[in-house]
Each structure stands twice: as C-alpha cells, then as structure tokens.
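Student: Shown below is the structure under consideration.
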Amino acid sequence: PAKRDRIMTTRSMAIAAGVVLAAVVIVGAYLLGAHHRSPAGATAPGVPASAAPPTHRSDPGLNDPVTAATAWLRAYRGLRWTDPSPSSWVDRVRPYIGNELAAQYAQARQGNVGPSWSTFVHDKCTATVHDVGGVIPDEAPRAPDSVYVQVSGTVITECAAGTPPMPTEPVAATVELRRMPDGRWVVNRRLF
C-alpha cells in the first residue's frame with residue numbers, strides 16, 4: 001500500500017507539473033503575442049488580413065474555435081496515397097489557417113519527399129485522425145478575437161490488404177486561433 005501511494009503521488013505530481021507547464025507555455029505565448037501587436041487600427045503581424053477561400057465561408061463549424069481547431073488537425077495530419085504529393089496537406093489546411101501560417105506551410109512544399117512516400121503510395125495507404133477532441137483550457141488567456149485551443153487525436157494509417165498494419169500514433173497540439181472579420185475562427189499559429 002505504501003509503495004502504491006508513492007506511485008500515485010508521483011503520478012499526481014507529474015500530471016500537475018504537466019498542467020502547470022502547459023499553462024506557462026500558453027500564458028507565455030499570449031504575452032509574447034501581446035508585445036508584437038501593431039498600433040491601434042493596424043493589423044497585427046500574426047493576424048490574417050483576409051478570409052479563407054469563398055467555398056468555406058458558409059461552413060458554420062468555423063464559427064466555433066474548437067471546431068475550427070479540430071478541423072485543422074484532421075486536415076494537417078491527413079494523407080492519402082492518391083494525393084499528388086506528401087505535401088498535399090498544405091492545401092487541405094488552407095481553409096482553417098490564417099495567411100501568415102499559410103505562408104509558413106507553403107515552405108513545406110520545398111522539402112524532400114523521402115523514400116517513405118513511394119512506399120506509402122505503393123501500399124495504397126491512407127492516414128486519418130480519429131477520436132479528435134479539443135478544449136479551451138480554463139487557465140488559457142483569451143480575448144474576444146483570440147483563444148488558445150488544445151487538440152488531440154489518434155492517427156491511424158490503413159493500407160491495402162496484405163500490408164502489415166501500421167502502429168497508431170497519438171497526436172496533440174496547442175494552437176492559437178484568431179477571429180476573422182467575417183466571424184470565422186482560423187488557426188493563427190501552433191505553439192506546440
């Protein structure tokens with residue numbers, strides 16, 4: 001019993017330390033962002049200036065920051081063997097991100113494809129994110145046009161019959177979302 005109590009105490013301390021660390025990162029990122037704002041009336045450098053492509057303006061899910069963040073995670077980690085390249089996710093995330101993040105992601109197109117892409121295509125694999133969830137932590141700073149969301153899920157890669165099963169991969173991120181003038185929420189930046 002005493003050993004079990006020590007294990008539970010150690011686990012409790014580890015969980016508490018993780019929560020505190022997450023809160024510190026979120027608060028630090030918020031404060032860092034607050035120091036980089038432009039003068040009143042100007043668009044801040046991290047705030048996207050334009051709306052997403054018109055085909056997604058009517059998506060009611062983008063009016064909720066948690067729904068927008070989970071849609072981003074699905075698009076960010078989704079990959080299909082029929083995609084023209086392994087960087088096709090860059091196009092899929094576009095409706096869910098601001099212009100600055102879109103510019104950063106566009107640089108990913110320049111990366112090396114690597115040997116695993118040809119195997120992924122050959123084995124007719126598809127990676128999708130399952131059990132996606134999101135939450136706005138109580139301790140996260142927020143403003144009318146900015147909020148931090150923690151999202152998580154499990155990436156499951158399924159391939160053609162006869163291919164050995166791929167291990168599942170837990171995935172999580174903390175992202176800052178900004179409200180656009182049209183009311184949509186978009187991922188402005190990823191903190192971790």
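The values are calculated or read from the model by the stated rules, or taken from the named source; none is laboratory data. Source: prediction; values computed, not measured. Every residue, glycine among them, receives a Cβ derived from its backbone with ideal geometry; neighbour counts consider all protein chains shown. Ligands, DNA and RNA are excluded from the accessible area calculation, which covers all protein heavy atoms including side chains. Shrake-Rupley method; radii C 1.70, N 1.55, O 1.52, S 1.80 Å.
Student: Filter the trypsin sites (Lys or Arg not before Pro) in region 78-137 to those in DSSP coil with at most 16 other Cβ atoms within 10 Å of their Cβ, and list the result. Walk me through the intermediate numbers first.
Tutor: Numbers: sites: Arg80, Arg92, Arg109, Lys124; in loops: Lys124.
Here the trypsin sites (Lys or Arg not before Pro) that fit, given the DSSP loop and packing criteria, are Lys124.
Student: Another one. What are the extents of the Cα atoms of region 81-145 along their three principal axes, listed from largest to smallest and rounded to whole Å?
Tutor: Each principal axis gives a Cα extent; for region 81-145 these are 46, 29, 18 Å.
Student: Name the long-range amide H neighbours of Ser146: under 5 Å, sequence gap of 5 or more, or other chain; modelled H, no Pro or chain starts.
Tutor: Answer set, sorted by chain and number: Arg179.
Student: Using a/c under 1.5 as the rounded threshold, could you call region 131-192 rounded, prolate or oblate? The axes a ≥ b ≥ c are square roots of the C-alpha gyration tensor eigenvalues, and prolate needs a/b larger than b/c, oblate otherwise. Each step should come with its number before you reach the end.
Tutor: Numbers: a/c = 4.00, a/b = 2.46, b/c = 1.63.
Prolate.
Student: A further question on this structure: Just read off the accessible area of Arg142 with the full protein assembly in place, 1.4 Å probe, to the nearest 10 Å².
Tutor: Surface open to solvent at Arg142 totals about 130 Å².
Student: Return the sequence-ordered ³J(HN,Hα) values of region 171-178 in whole Hz as given by the Karplus equation 6.51 cos²θ - 1.76 cosθ + 1.60 applied to θ = phi - 60°, using x for Gly and Pro.
Tutor: 3J(HN,Hα) across region 171-178, in whole Hz: 9, 8, 7, 10, 10, 9, 10, 10.
Student: Further question: With every protein chain present, what is the per residue accessible area of region 63-155 (1.4 Å probe, Å²)? If you can, show how the numbers build up before the last one.
Tutor: On the way: 4620 Å² over 93 residues.
Result: 50 Å² of accessible area for each residue.
Student: Oh, and also: Which ³J(HN,Hα) values, rounded to whole Hz and listed in residue order, are derived for region 69-80 from phi using the Karplus coefficients 6.51, -1.76 and 1.60 in 6.51 cos²θ - 1.76 cosθ + 1.60 with θ = phi - 60°, glycine and proline given as x?
Tutor: 5, 5, 5, 4, 4, 4, 5, 5, 9, x, 7, 10
Student: Near the amide H of Leu191, under 5 Å away, which other amide H atoms are found, from residues 5 or more places off or on another chain, if H is placed in the peptide plane?
Tutor: Thr174, Val175, Glu176
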